[in-house]
1. Select from the range 106-125 the residues that are within 16 Å of GLY52 (Cβ to Cβ) and in contact with an Asp or Glu (Cβ under 9 Å, 6 or more places away or on another chain) and list them in ascending order.
2. Among the residues of the range 29-73, write down those that are among the hydrophobic types (A, V, I, L, M, F, W, C) and surrounded by fewer than 18 Cβ atoms within 10 Å (Cβ to Cβ).
3. Could you please give the count of residues in the range 79-103 that are closer than 14 Å to ILE26 by Cα and touching a residue at least 60 places away in the same chain (Cβ under 8 Å)?
4. Do we find a residue being within 22 Å of SER106 (Cα to Cα), in contact (Cβ under 8 Å) with a residue 60 or more places away in the chain and touching a Lys or Arg at 6+ places or on another chain (Cβ under 9 Å) anywhere in the range 41-55?
5. Here are the criteria: (1) of a type in the set (D, E, K, R); (2) within 26 Å of LYS105 (Cα to Cα); (3) surrounded by 11 or more Cβ atoms within 10 Å (Cβ to Cβ). Tell me which single one LYS76 does not satisfy.
6. Looking only at residues in the range 83-125 that are among the acidic types (Asp, Glu) and assigned to a loop (DSSP other than H, G, I, E, B), which one is modelled with the lowest pLDDT?
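The values are calculated or read from the model by the stated rules, or taken from the named source; none is laboratory data. Keep in mind it's a predicted model, so treat the numbers as computed, not measured. In this analysis, Cβ positions are derived from the backbone assuming ideal geometry, glycine residues included, and neighbour counts consider all displayed protein chains.
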Amino acid sequence: MQANVGRITTHVLDTSKGAPAAGVRIELYFIKWSGNEWNALKVAESLTNSDGRLDAPLLDEGKLEVGEYELRFDVKPYFAQQAQTDMSHVLWTEVPIRFAVRDTKSHYHIPLLIAPGGYSTYRGS
């Protein structure tokens, strides 16, 4: 039987500039359900590099479990440090993206495309 070799990765692009978003803090949580409540257990944290990517996967080396995860992108400090960004037009402070892992052998690449007034995401490769 093959070990769970799956991983979770991400990158962030600033669509208002058409460029990578460097210095965005990203946290990864595992969501544990208990009865009617859920608890978020932080399992990783990292910063995007100059290419808007992480230097290493948020989760790999057999640590991926079946269940729900949440990525939290702390975008307010990123927008605040951009000289051309008028903070009165920035709607987003943090972007949470919750997703399900069903196959521990798969690669879950969940990018964030961010702008002061909108964002989108998808499952990449």
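1. Correct list: LEU113, ILE114, ALA115.
2. ILE31, TRP33, TRP38, ALA40, LEU41, VAL43, LEU47, ALA56, VAL66
3. 1
4. no
5. (2)
6. Among residues in the range 83-125 that are among the acidic types (Asp, Glu) and assigned to a loop (DSSP other than H, G, I, E, B), the one modelled with the lowest pLDDT is ASP86.
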